[in-house]
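What follows is a set of notes on a single structure, which appears directly below.
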Amino acid sequence: MKDNGFKVPEEIGVYSDIDEIPEFSELPRKFVLKPSRGYSAQNVFVMSDGVNFLDGKIYD
């Protein structure tokens, strides 16, 4: 996508185990956490200042 002039989000990390994911407080203010498996935004977190845009809940 970059080669075609599209903006691509920075990849912070790829983790093989849920325990490897950093604490949310260690991540940028805005980030997306997405599993490599799944569909229809299941288990996807679109975070901004601790709030998930997809369910409106606060996570830490």
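The values are calculated or read from the model by the stated rules, or taken from the named source; none is laboratory data. Just so it is clear, the structure is predicted and the values come from calculations on it, not from any experiment. Reconstructed Cβ throughout: ideal geometry from the backbone, glycine too, with neighbour counts over all protein chains shown.
Take the stretch 28-51 and flag every residue that is of a type in the set (S, T, N, Q) and closer than 18 Å to residue 15 by Cβ. Answer for the stretch 28-51, where residues must be of a type in the set (S, T, N, Q) and closer than 18 Å to residue 15 by Cβ: 36, 42, 43.
Here residue 18 does not fit the description of being closer than 20 Å to residue 59 by Cβ, touching a Leu at 6+ places or on another chain (Cβ under 7 Å) and not aromatic (Phe, Trp, Tyr).
Hydrophobic (A, V, I, L, M, F, W, C) and modelled with pLDDT under 90: which single residue out of 12, 18 fits that description? Just one listed residue meets the conditions, 18.
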